[in-house]
Amino acid sequence: MTQDIELALPQGSLKLQRLPLRRKQTLQAWDSADQLALTQLQDIKPDSRILLVNDHFGALGTGLSALHKQVQLTVWSDSYLARQALHHNCQLNQLPAVKFVEAVATPQGPFDLVVMRAPKSHSLLQDQIKRLVPQLAADASLLLPIMVKHLDNSLYDLLTKLLGPLSASRAVKKARVLSAQPTNVSGRSPAPVIKSWQYKDFTLSHYSGVYGRKRLDEGSQFLLENFPKGDFKRVIDLGCGNGILSLQAAKTWPHAQILGVDESYMAVASAKLNAEQNALAAACEFQIGNCLAALATKSADLILCNPPFHQQRVVGDQLAMAMFADASRVLDTQGELWVVGNRHLGYHAKLKRWFKHIEQQGKHPKFVVFKCRK
Ligand SMILES: C[S@@+](CC[C@H](N)C(=O)[O-])C[C@H]1O[C@@H](n2cnc3c(N)ncnc32)[C@H](O)[C@@H]1O
């Protein structure tokens, strides 16, 4: 099955593609919560200042720009892939670029309307709402398009605590739009929350929503315990999160260049902070990016990777596969990819598409580390 790229709305239709683009894409760039919100948002006052938060694949941003040419739209997100998707889909529909604010910065209001997709991470949701409420106009409303299966009691209670009473639209194709009229909109936006903890000699700090924000992930710990041995000069930490693998690499190979890449702005900011506060900033560089798209072929001799197993809320290996493909292109002929993953994900069979030599390292009941060469 290939994906449908036409989203039908009462006001017309939009072309939307999901990123990363794949030859046999089976996933759509929107869900029925996006579709319901766009259907409901037919009458918006011209000149309204709209803040769109956490749009997944640009469906809402493209839809709002196409349907309401007079509004002032700002998109706020932690995801570089979502930013690229918005750009791509606006181009596909011959629409101008939309203003984008990275999650670490706070968008400057006042905004008359906020349309927000709730992120998976409650810490990020809380951080974003606390920072955006002071940026609202006095009579602003906030709409939350959501799939019913994602609206559990803990999310509902958190939203009510942060926004006051919520009302809900009727459900259409298993989606609803929640709405709130936050009242306490005065004051200044707080700075983003940063949480820190200690792992061995490292102090690790995290902006909200960053992977492993409460404790070291068991998989990362297993890779740290089975770290590559050898003399490496150009090391990449693919999907660097808080940068823990980069910090360990900088300590292990003091003369190597270490580059961490992540698609989350909050992750890249956390990794930079961690390199500074652990006195390793001179050896480490961190970049925002989609896998290794921006890196030259055969430009690394070691790649460390603890791949994500979901994209937004969709569980799957699509991102892990994109990472393995990029790693194989960017590694030098004798280079090594070290991957850690949950045993049940079956990475061994998948890695064989790109790597001839795959050796398992260490023993763990739940995780596996693979050393891969071409
Ligand atoms: C399982 S976490 C690993 C984090 C860290 N390396 C560790 O071991 O604790 C996977 C990371 O991949 C990042 N990621 C997801 N999709 C990505 C993409 N397309 N390009 C780069 N990084 C991505 C996520 O933001 C997340 O930080």
Q. Given Gly219, Gly260, Gly230, which one is under 22 Å from Arg329 (Cα atoms) and either within 11 Å of the ligand (Cβ to nearest atom) or in contact with a Lys or Arg (Cβ under 6 Å, 6 or more places away or on another chain) (or both)?
A. Gly260
Q) In region 165-190, which residue that is at pLDDT 95 or above and at positive phi is most open to solvent (accessible area, probe 1.4 Å)? A) Lys174
Q: Would you check which residues across region 128-157 are at pLDDT below 95 and among the acidic types (Asp, Glu) and list them?
A: Asp139
Q) Residue check, Tyr211 against (1) open to solvent by less than 30 Å² (accessible area, probe 1.4 Å); (2) under 18 Å from the mean Cα position of the chain (by Cα); (3) closer than 22 Å to Cys291 by Cβ, all met but one. Which one? A) (1)
Q) Name the pairs: first residue in region 299-310 and closer than 8 Å to Ile236 by Cα, second residue β-branched (Val, Ile, Thr) and at pLDDT 95 or above, Cβ to Cβ under 6 Å, at least 6 apart or on different chains? A) Ala300/Ile236; Ala300/Val330; Leu302/Val235; Ile303/Ile236
Q. Has region 350-363 got any residue that is part of a helix (DSSP H, G or I), within 26 Å of Leu21 (Cα to Cα) and more than 21 Å from the chain's Cα centre (by Cα)?
A. yes
Q.
Looking at region 337-349, can you tell me whether even one residue there is touching a residue at least 24 places away in the same chain (Cβ under 8 Å), over 27 Å from Ser79 (Cα atoms), in a helix (DSSP H, G or I) and out of contact with any Gly (no Cβ under 8 Å at 6 or more places or on another chain)?
A. yes
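On the basis of being open to solvent by 60 Å² or more (accessible area, probe 1.4 Å), of a type in the set (Gly, Ala, Ser) and within 19 Å of Arg22 (Cβ to Cβ), does Ala293 make the cut?
Here the answer is yes, as Ala293 does meet what is asked.
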(Q) Given the criterion part of a helix (DSSP H, G or I) and either farther than 30 Å from Lys149 by Cβ or of a type in the set (A, V, I, L, M) (or both), identify the matching residue among Ala322, Ala282. (A) Ala322
Q: Kindly provide the set of residues from region 202-236 that are closer than 27 Å to Gln128 by Cα and part of a loop (DSSP other than H, G, I, E, B), ordered by number.
A: Ser208, Gly209, Val210, Tyr211, Gly212, Arg213, Lys214, Arg215, Leu216, Asp217
Q: State yes or no: is Ala33 in the same structural domain as Lys161 (by TED's automatic domain parsing), touching a Pro at 6+ places or on another chain (Cβ under 8 Å) and closer than 20 Å to Leu162 by Cβ?
A: yes
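The values are calculated or read from the model by the stated rules, or taken from the named source; none is laboratory data. Note that this is a predicted model, so its numbers are computed, not measured. Virtual Cβ from ideal backbone geometry, glycine too; neighbours counted across all protein chains shown. Accessible surface areas use protein heavy atoms only, side chains included; no ligands, DNA or RNA. Shrake-Rupley method; radii C 1.70, N 1.55, O 1.52, S 1.80 Å.
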